[in-house]
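Okay, structure first, notes after.
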Amino acid sequence: MESSGFFAAALAFSPPGNRLAAATDSGELKVWDLFSGELSHSFRTAEEELGVAYPAVAFSPPDGRYLAATSRIWLDEYGEYWGAVRLWDLTSETEEPRTLTGTNHWSMTGVSFSPDGGVLTASRQEGMGGGGSVKVWEMISREILLDIPSPDRITSVDYSSDGRTLAGSSYGIVILWDASSGMEMNIFQVSGGPVWGVAFSPDGHLLAARGDFSVNLVNPENGDTLFTLDGSSEISSMAFSPDGLMLVAADGAAIRIWNTATGDDLIWLETPQTVAAVALSPDGRVLASLSADGVIDLWGVR
């Protein structure tokens, strides 16, 4: 499996585990059928010369019918490029996406579906020093349910497994909102620098907050940092195992796997190229990694 050149990327398995999607900052989005190994879909999230600053991709639960990705589009009526989320129905014969727009001068930084697949959420930032927000769309009507403002940029979003809590990452903090009302529940200081990614463990007992060179494992009840998992280089991506007992990360030219109960290193696998993104299959048996040379490797996990 191969993709073209890029600097940043994202990977996602479909909930049934039959598909793998890769999005890159060059505006490329590809989907492979994992049973045949064949490329099943090839889309654009932006024009190649423009690209997408923060590539993110997600399949809708429970069947992976919809594929959402951060995007940047040209709107003739405004004469400007706008940050957007593009949504494809993979069961449709047409490959035309539905576009959910943000506002001009904003970048979409992350996407996440609720566990029941009923809503789609995206995080946004305005430039490098501006504010941010979280937008929530209802999947059937595509209407905006919530637009949660933030004084700081929001760099990623993730739902708890019960769908009741929405987490967002920002500069040094993780914010928790009530997923139905958008009411702020907690703010946890987890780092002295940027937090680029946030993820709930499948059982909801842990939050992982990804900074430049480390991942903090946080108790979502009180914000206490349980472990700091230090990388050897820039950590660009992370994923929990389905049982929550392991955290996998792209750590420069290496793949790291930590024990989340102890914070200990389990595996440190050096790779020929910088690893831009990692993802674990829903059954936890396959680890996908996307390297900077555009090659996707599939690893068996025991």
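Each value in this text was obtained by applying a stated rule to the coordinates, not by laboratory testing. Keep in mind the model is a prediction, meaning the values are calculated, not measured. Every residue, glycine among them, receives a Cβ derived from its backbone with ideal geometry; neighbour counts consider all protein chains shown.
Numbers below:
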read-out	value
Förster radius 30 Å - calculated FRET efficiency between Leu50 and Asp297 (Cβ-Cβ, nearest 0.05)	0.55
Per-peptide average of other Cβ atoms within 10 Å, ordering 186-199, 52-65 highest first	52-65, 186-199
Trp299, Trp177 arranged by Cβ crowding within 10 Å, fewest neighbours leading	Trp299, Trp177
The range 9-300: relative contact order as a whole-number percent, Cα under 8 Å and 6+ apart	10 percent
Burial order of peptide ranges 208-215, 84-91, 230-237 (average beta-carbon count within 10 Å, highest first)	208-215, 84-91, 230-237
Three-way shape call for the range 23-164 based on the alpha-carbon gyration tensor, with the a/c threshold at 1.5	oblate
Within-9-Å neighbourhood charge of Glu234 [Cβ basis; K, R +1; D, E -1]	-2
Net charge dipole size for the chain [Lys, Arg +1 and Asp, Glu -1 on Cβ; Debye, nearest 20]	220 debye
Charged-residue dipole, Cβ positions (Lys, Arg, Asp, Glu), the range 1-152 about Cα centre, Debye nearest 20	360 debye
Label point 7 Å beyond Cα of Asp243 along Cβ direction - residues of the range 144-179 with amide nitrogen under 20 Å	161
Cα shape, the range 153-302, gyration tensor, a/c 1.5 rule	prolate
Percentage relative contact order, the range 222-302, counting C-alpha pairs under 8 Å, at least six apart	21 percent
Difference of contour (0.36 nm per residue) and Cα-Cα distance, Tyr81 to Ser181	33.0 nm
Inter-probe distance in nm under a simple model that places probes 7 Å from Cα toward Cβ, at Gln189 and Leu226	2.3 nm
Around Ser60: net Lys/Arg minus Asp/Glu count, Cβ-Cβ under 11 Å	-2
Per-residue ³J(HN,Hα) for the range 230-246, Karplus 6.51 cos²θ - 1.76 cosθ + 1.60, θ = phi - 60°, Hz, x for Gly and Pro	8, x, 8, 8, 6, 8, 9, 6, 7, 7, 7, 6, x, 8, x, 7, 10
Using distinct alpha-carbon pairs, which all enter the 1/r mean, Kirkwood radius of the range 9-300 in Å	18.8 Å
Gain on full stretching of the segment that runs from Asp264 to Thr99 - 0.36 nm per residue minus C-alpha separation	55.1 nm
